[in-house]
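Take a look at the structure below.
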Amino acid sequence: MNESPRFITAETLRTIRANADWRGLFRALGLERAKGKGNDNDWWALSPLTNEKTPSFHLNGKGWYCHSSQQGGGVVELVQRVLEHRTGRAVSCWDAGRWLLEQGVSRLDGAAEGAGNAEKSSRSEEKGRGSAPEAAKIERNEPIRADLRPRLIPNHPELEKRGISKATCTYLGCGYLSGVQGTINNRIVFQVRGVEERGGQLAPVILSHIGRAVSDVQADVEGKWHHYAGFKKHLELYNLDKLLLDGKAREQVRQTGRVVIVEGPFDVAKLVEAGIYNVAATFGAHLSEEQAGRIRLLVDWLGVREVVVWYDRDKAGRKGAAKALELLKQRGLMASVLWGKRDSRLAQAAQTVGIPAHSKDPCDLPVESLQALRAADVI
């Protein structure tokens with residue numbers, strides 16, 4: 001196995017691409033050649049991105065294409081898509097480049113005489129055009145052992161005010177935390193989980209806990225949201241593990257063809273309270289590139305046909321929703337925005353459903369209104 005560098009630079013990544021052995025990549029991904037399709041210079045297999053039964057994926061020296069998911073690209077993109085599909089975690093191009101080296105699929109031979117000169121050249125080039133970082137670190141949230149769920153109290157005035165029941169708290173792993181040290185004490189705490197592959201199966205892993213203030217005074221003095229130090233919210237989607245692993249959530253995705261993206265955990269909790277499980281949150285009115293990659297994973301894994309972005313009905317929410325819509329469409333995803341200028345479906349539904357005029361986010365809506373929106377095939 002090759003020793004990979006601590007940092008992957010733009011120049012290094014170009015060398016990895018150029019030196020990659022596509023046949024070696026085919027084998028490293030555990031693919032089996034389909035009989036009767038392709039030739040020595042074009043190998044076909046069952047897609048590693050879908051659950052197809054007829055081979056529609058092929059790889060050759062020019063790149064790859066998967067007809068069942070309508071995706072394609074180069075060797076780095078293939079590693080990204082496959083690892084994201086298998087692990088449920090975002091994989092950067094730098095991460096994929098490192099994997100290609102570690103698996104012996106590519107090498108750094110000829111990266112320039114003297115790696116230092118190549119990296120200096122790359123840094124100078126990137127700095128001059130102001131694009132990629134000098135040396136991109138691979139970002140990830142590592143799993144943690146702390147599990148606060150046994151200590152979370154599902155009964156609190158703030159939960160009652162928002163209409164969140166004990167059953168919903170148990171399902172999501174949230175509740176009021178008291179009697180511990182740290183910045184999330186005396187707050188409504190939500191456990192944040194991701195997924196990882198274990199023995200060929202996806203399993204949930206705890207990534208952090210995030211706590212919301214229980215009063216405006218606490219929010220003004222201490223801040224509205226706190227989470228564990230080092231946790232990077234922009235890398236994760238809240239409730240991703242349930243979407244991938246919970247039968248109710250998966251079935252609703254199948255029935256509706258949709259995943260609903262909201263701003264925060266409380267919005268997720270209110271939709272779950274209404275019996276709507278095909279929902280995830282971005283920890284604010286901003287969809288990052290990494291989170292868009294997670295949504296791409298959901299589309300590929302669950303067969304999502306439409307991503308519905310339902311951010312708050314305020315300036316920040318509308319602006320964030322418009323940017324999210326653009327980013328998702330750039331990734332080839334069908335997406336729509338609710339409470340936005342580009343999509344009037346919710347406004348039309350409000351006339352028949354009776355959404356309260358004062359409602360500014362999904363958590364404001366009564367359970368009955370949310371259920372009516374689902375019945376009207378809006379979410």
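Worth a mention:
- Pair list, Cβ under 7 Å, 6 or more apart: region 353-374 residue farther than 13 Å from Arg313 by Cα, other residue part of a helix (DSSP H, G or I) and among the small types (Gly, Ala, Ser): Val353/Ser369; Val353/Ala372; Gly354/Ser369; Leu373/Ala349
- Answer from Asp220, Asp241, Asp216 - the residue that is acidic (Asp, Glu) and at pLDDT 95 or above: Asp241
- Any hit, region 151-170, residues being surrounded by fewer than 12 Cβ atoms within 10 Å (Cβ to Cβ) and touching a residue at least 12 places away in the same chain (Cβ under 8 Å): yes
- Beta carbons closer than 6 Å, at least 6 apart along the sequence or on distinct chains, pair a first residue in region 137-149 that is farther than 20 Å from Gln291 by Cβ with a second that is part of a loop (DSSP other than H, G, I, E, B) and at pLDDT 90 or above for Arg149/Gly173.
- Members of region 245-272 found to be touching a Leu at 6+ places or on another chain (Cβ under 9 Å) and surrounded by fewer than 20 Cβ atoms within 10 Å (Cβ to Cβ), listed by number: Leu245, Arg250, Arg254
- A single member of Gly88, Gly73, Gly104 is at pLDDT 80 or above, surrounded by 15 or more Cβ atoms within 10 Å (Cβ to Cβ), among the small types (Gly, Ala, Ser) and more than 30 Å from Val180 (Cα to Cα), and it is Gly88.
- Contact map, region 23-39: first residue in a loop (DSSP other than H, G, I, E, B), second residue of a type in the set (Gly, Ala, Ser), Cβ cut-off under 7 Å, separation 6 or more or different chains; pairs are Leu31/Ala45; Glu32/Ala45; Arg33/Ala45; Ala34/Ala45.
This table checks each residue for (1) at pLDDT 90 or above; (2) small (Gly, Ala, Ser); (3) in a strand (DSSP E or B).
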position: Trp301; (1), (2), (3): no, no, no
position: Gly317; (1), (2), (3): yes, yes, no
position: Leu328; (1), (2), (3): yes, no, no
position: Ala349; (1), (2), (3): no, yes, no
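- Evaluated against (1) in the same structural domain as Tyr176 (by TED's automatic domain parsing); (2) over 25 Å from Lys161 (Cβ atoms); (3) without any contact (Cβ under 8 Å) to a residue 40 or more places away in the chain, Glu197 falls short on exactly one condition, (3).
- Some residue of region 244-266 being in a helix (DSSP H, G or I) and assigned by TED's automatic domain parsing to the domain that holds Glu160: no
- Flag for Lys224 being within 13 Å of the chain's Cα centre (by Cα) and surrounded by fewer than 17 Cβ atoms within 10 Å (Cβ to Cβ): no
- Within region 47-71, residues that are in the same structural domain as Gly88 (by TED's automatic domain parsing) reach partners that are buried (at least 20 other Cβ atoms within 10 Å of the Cβ) and among the β-branched types (Val, Ile, Thr) with beta carbons closer than 9 Å, at six or more positions or on different chains, in the pairs Pro48/Val82; Leu49/Val82; Leu59/Val75; Gly63/Val75; Trp64/Val75; Ser69/Val299.
Yes/no matrix, rows are residues, columns are (1) of a type outside the set (S, T, N, Q); (2) out of contact with any Cys (no Cβ under 8 Å at 6 or more places or on another chain); (3) outside any helix (DSSP H, G or I):
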site: Gly163; (1), (2), (3): yes, yes, yes
site: Gln191; (1), (2), (3): no, no, yes
site: Leu207; (1), (2), (3): yes, yes, yes
site: Asp220; (1), (2), (3): yes, yes, no
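- Given (1) modelled with pLDDT of 85 or more; (2) crowded, with 19+ Cβ neighbours inside 10 Å, index of the condition Arg305 fails: (2)
The values are calculated or read from the model by the stated rules, or taken from the named source; none is laboratory data. Keep in mind it's a predicted model, so treat the numbers as computed, not measured. Don't worry about glycine lacking a Cβ; one is built from the backbone with ideal geometry, like all the others, and counts go over all protein chains shown.
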